[in-house]
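Each remark here refers to the structure printed beneath this line.
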Amino acid sequence: MGPGAIHLRGFAEEAAGALVQAIREVEARAPFRRMTTRRGFKMSVGMTNCGRYGWISDREGYRYSEIDPVSGHSWPALPTTVRDLAVAAAAEAGYVGFDPDACLVNRYEPGSGLALHQDRNERDATAPIVSVSLGLPATFLFGGLDRKLRASRTTLRHGDVVVWGGLSRFFFHGVLRLGEGQHETLGRTRINLTVRRAG
Ligand code: SIN
Ligand code: FE2
């Protein structure tokens, strides 16, 4: 998809059932919520986290936090199934020794999308981002270091994994608004995990 970026089609297909179960356990302790941007807009994507660090956004901006502001407690631990899958995908993409400590869980419904952005709050720029897609398909935009650069479009389906790091670690990316659909296990939703090294 770009220098250091790879689309691993179906890489998480076998693990998908266990991943969905793990997400159910995470959301029981840290429910999905729609966060607010610094400018006061409510994001259309529902978000939660697991792992030591969680990505949060509010009127003060976005950052990582060890505390879930909704519960006042730490985030649920990174499930072993999520960690193992992410470490294997990273290795498959050439990033050996990936040691994640954060996982942002995004929940999309038809109409939700994510504007072009860079993932740049993580301390270790040598660690890749591992993205796992479950449920309804979505169009993933992957651009370059300049927001204005034309982004490529890739359909991400249930079980697909994308790994980006190296020269494309800070490339702009986003998700087009989800279309209507019904997935056999996740219904009208898409869930995306981005597994990261944040601390
Ligand atoms: C993200 O950039 O945080 C999520 C990407 C995706 O949902 O595919
Ligand atoms: Fe991102």
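Just so it is clear, none of the values below were taken in a lab; they were calculated from the coordinates. This one's a predicted model, so the numbers in the text were calculated from it and none came from an experiment. Because the Cβ atoms are built from the backbone with ideal geometry, glycine has one as well, and the counts that use them run over all protein chains shown.
For the stretch 121-159, the residues whose amide N sits under 14 Å from a probe point set 7 Å from the Cα of Arg9 along the beta carbon direction are 154-159. If a/c stays under 1.5 just call it rounded; otherwise compare a/b with b/c (prolate if a/b is bigger, oblate if not). Do that for the chain, with a ≥ b ≥ c from the square roots of the Cα gyration tensor eigenvalues. Note, shape of the chain comes out rounded.
Figure the gain on full extension for Thr80 and Leu149 (residue separation times 0.36 nm, minus the Cα-Cα span) and round it to one decimal in nm.
21.1 nm
Measuring r between the beta carbons of Ala91 and Phe41 and using R0 = 35 Å, the FRET efficiency lands at 0.40. Answer with one residue from Thr80, Tyr62, Gly40: the one whose Cα lies farthest towards the positive end of the charge dipole of the stretch 39-126, charges on Cβ with Lys, Arg +1 and Asp, Glu -1. Most positive-ward Cα: Gly40. Placing a label point 7 Å from the Cα of Asp58 along the Cα-to-Cβ direction, the residues of the stretch 102-132 with a backbone N closer than 19 Å are 104-105. Once the Kirkwood radius over Cα pairs is known for the stretch 97-199, the Stokes-Einstein relation at 4 °C and 1.567 mPa s delivers a diffusion coefficient of 92 µm²/s.
Calculation over all alpha carbon pairs of the stretch 49-144 in 5 angstrom steps from 0 returns a P(r) of 2, 10, 19, 22, 23, 16, 5, 1 percent.
Rounded to the nearest 0.05, what FRET efficiency is calculated for His117 and Glu66 with R0 set to 22 Å and r the Cβ-Cβ distance? Once the sixth-power term is evaluated, E becomes 0.45. Take every Cα pair under 8 Å whose residues are at least 6 apart in sequence, average their separation, divide by the length of the stretch 1-118, and the relative contact order is 27 percent. Given +1 at the Cβ of Lys and Arg, -1 at the Cβ of Asp and Glu and no other charges, the dipole of the chain around its Cα centre is 840 debye to the nearest 20.
I need the fraction of alpha carbon pairs in the stretch 1-89 separated by more than 20 Å, rounded to a whole percent. Tail fraction, whole percent: 47. The mean sequence separation of alpha-carbon pairs under 8 Å and at least six residues apart, normalised by the residue count of the chain, gives a relative contact order of 28 percent. Taking GluC sites (Glu not before Pro) in DSSP loop states with no more than 11 other Cβ atoms inside 10 Å as exposed sites, the chain has its longest site-free stretch at 61-179.
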